[in-house]
Amino acid sequence: MKTDEKIIAFLLYPGLSLLDMVGPYSVLSNLGRGYRTVVVGEQADSIPDDFGLGITPHFSIDEMPEPDILIVPGADLATFTTMANDKLMNYIRTAGEKAEILASVCTGACILAAAGFLQGRKATTHWAYAPYLEKLGVDYVKERWVEDGKFITAAGVSAGIDMALHLAARLADVDASKAVQLYCEYDPPPPFGGPDWTMANEADISRASAVNLSERLADMKTVLANKPDLLALFNDN
């Protein structure tokens, strides 16, 4: 696909967390002239998010082989089934190698690490999945977003908006990013204050999830039975 615009592509896959994609997509879509923000999927067919909502990609990955910026959103356990999808992982490796910037939101960092990009680098992800990122050889940093060379990773869900504002400033300038922030009215004062980070441990995940994480991880061991390298991530979990 030939264009004078820089292409910012978000990779979709079944079970992704929609806000991981939509938040930063909204920011980067407002960069204006010179940039085009698109979503791509394995096929250009509707893809269900983690609540069953369908999102239709603009392009298939075959139609968009070399985006200038590639962003991989996160998911819950769909992160690991995606890591076992050879076609998507090969796309991330080839497109990511050529991309000027390779970014992720939430557990998308685990996918980038599994593709071979983040070993020995600093990166972040959702706090509940930090142990898996570390098992993949990454130096986990507990920050809203982390930049290491051409790699930019965001922590869980809403942190993708912060990462996208930083990326907007890197691609354009700070004034452009501030203008997007104003347009989006991004000024989040949570109604009950900030999160209680003392609760950020695996025992408390079930309070914010429909199903206990340990039960879902047990299911994943079955799903990944033919992928011993990925199955090793679940040892001692």
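The values are calculated or read from the model by the stated rules, or taken from the named source; none is laboratory data. Please read all numbers here as calculations on a predicted model, not as lab measurements. In this analysis, Cβ positions are derived from the backbone assuming ideal geometry, glycine residues included, and neighbour counts consider all displayed protein chains.
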Return the pair list, or none, for Cβ contacts closer than 9 Å from residues in the stretch 108-131 that are on the phi > 0 side of the Ramachandran plot to residues that are modelled with pLDDT of 95 or more and assigned to a strand (DSSP E or B), at least 6 apart or on different chains. Gly120/Asp139
Of the residues Leu112, Leu118, which is buried (at least 24 other Cβ atoms within 10 Å of the Cβ) and in a loop (DSSP other than H, G, I, E, B)? Leu118
Here are some conditions: (1) more than 30 Å from Leu182 (Cα to Cα); (2) over 12 Å from the mean Cα position of the chain (by Cα). Ile111 meets all but one. Which one does it not meet? (2)
Please verify whether Asp68 is buried (at least 16 other Cβ atoms within 10 Å of the Cβ) and under 16 Å from Ser17 (Cβ atoms), treating the condition exactly as stated. no
So how many residues does the stretch 1-14 have that are under 15 Å from the mean Cα position of the chain (by Cα) and either crowded, with 18+ Cβ neighbours inside 10 Å or part of a helix (DSSP H, G or I) (or both)? 6
Criterion (more than 22 Å from Asn226 (Cα to Cα), surrounded by fewer than 21 Cβ atoms within 10 Å (Cβ to Cβ) and without any contact (Cβ under 8 Å) to a residue 12 or more places away in the chain) met by exactly one of Glu147, Glu97, Glu143: Glu97
Among what's in the stretch 129-140 and is within 24 Å of Leu165 (Cβ to Cβ) and of a type outside the set (Ser, Thr, Tyr), pick the residue that is surrounded by the fewest Cβ atoms within 10 Å (Cβ to Cβ). Asp139
Members of the stretch 152-168 that are closer than 14 Å to Pro195 by Cα and not hydrophobic (A, V, I, L, M, F, W, C): Gly156, Ser158
Failed item, numbered, when His58 is tested on (1) farther than 25 Å from Leu133 by Cα; (2) in contact (Cβ under 8 Å) with a residue 24 or more places away in the chain: (2)
Failed item in (1) more than 25 Å from Met83 (Cβ to Cβ); (2) at pLDDT below 95; (3) of a type in the set (A, V, I, L, M), with Val27 passing the rest: (2)
Against the definition (touching a helix residue (DSSP H, G or I) at 6+ places or on another chain (Cβ under 6 Å) and either without any contact (Cβ under 8 Å) to a residue 60 or more places away in the chain or not small (Gly, Ala, Ser) (or both)), how does Glu66 come out, yes or no? yes
